[in-house]
1. Looking at (1) at pLDDT 85 or above; (2) in contact with a Leu (Cβ under 7 Å, 6 or more places away or on another chain), which is the only condition K128 fails?
2. Any residue at all in the range 7-20 that is surrounded by 13 or more Cβ atoms within 10 Å (Cβ to Cβ) and of a type in the set (K, R)?
3. So, K143, is that one assigned to a loop (DSSP other than H, G, I, E, B) and at pLDDT below 90 or not?
4. Kindly provide the set of residues from the range 29-78 that are in contact (Cβ under 8 Å) with a residue 40 or more places away in the chain, surrounded by 14 or more Cβ atoms within 10 Å (Cβ to Cβ) and assigned to a loop (DSSP other than H, G, I, E, B), ordered by number.
5. Surrounded by 14 or more Cβ atoms within 10 Å (Cβ to Cβ), at pLDDT 90 or above and not charged (D, E, K, R): which single residue out of A181, A165 fits that description?
Amino acid sequence: MIMDFEPGLMVRKLQSNLLEHIENFEMLEMLRLDLEKGVKVLLGEMTLYKGSTLNDIKWPGNVEYTVLKEDGRKYVVIFTARAPNRIWKKMANKFTGDVIWTTPTYWKGRHMTLSCIGEDEELKKITKAMGLFGTISNIRFHKAVYQEHNVLSVLTDKQKEIVIAAKHSGYYDYPRKIDAAGLAEKVGVSKATVVEHLRKAEGRLMANILAGY
């Protein structure tokens, strides 16, 4: 299940400092999820806004992190979160249950995309729990299959950025909600550059998806 989610006012207030300094965040892999001990460890990549530093971010007291790689405003980080008490553990169970949190899972601004694998009843519990904290704008269901790697891994960082922006902006909708010129203005490059990156990215993605056929 892949869910598009807009956090409610309460969640945004709690995360106001994070939203002020982190431009976007993407979970690369869930490394550990121990409900008994209330421990979650994940590998993620985050990009800070221009002018923000890691020292500006006020992480919750139950969160620790280790920076593995730094590239300008972009950081690859291992996060460890510990549930502070039994009440939090009980609440966490509503959002974990018997499901596997997987990719794509990321947020940018007020928009979040969350993905998990599980049986129908477990996925219904997740959607019900998420509905208490914000608005679910879209849900897609796919048959779970094993993938050796993230399909976007064949793209350059810029190609990935523009393809994701195109998807979120409705460039691939029918009819299109935005054209190449509008998309170029959004991502801050020329129309020719957007068209070139999309052409190359689409070619790489098709070659990767259809490899062996």
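The values are calculated or read from the model by the stated rules, or taken from the named source; none is laboratory data. Predicted model, so just to flag it, every value in this text is computed and none were measured. Cβ coordinates were reconstructed from backbone atoms using ideal geometry, including for glycine residues, and neighbour counts include every protein chain displayed.
1. Failed condition: (2).
2. Scanning the range 7-20 turns up at least one residue that is surrounded by 13 or more Cβ atoms within 10 Å (Cβ to Cβ) and of a type in the set (K, R).
3. yes
4. L35, G38, I57, R73
5. A165
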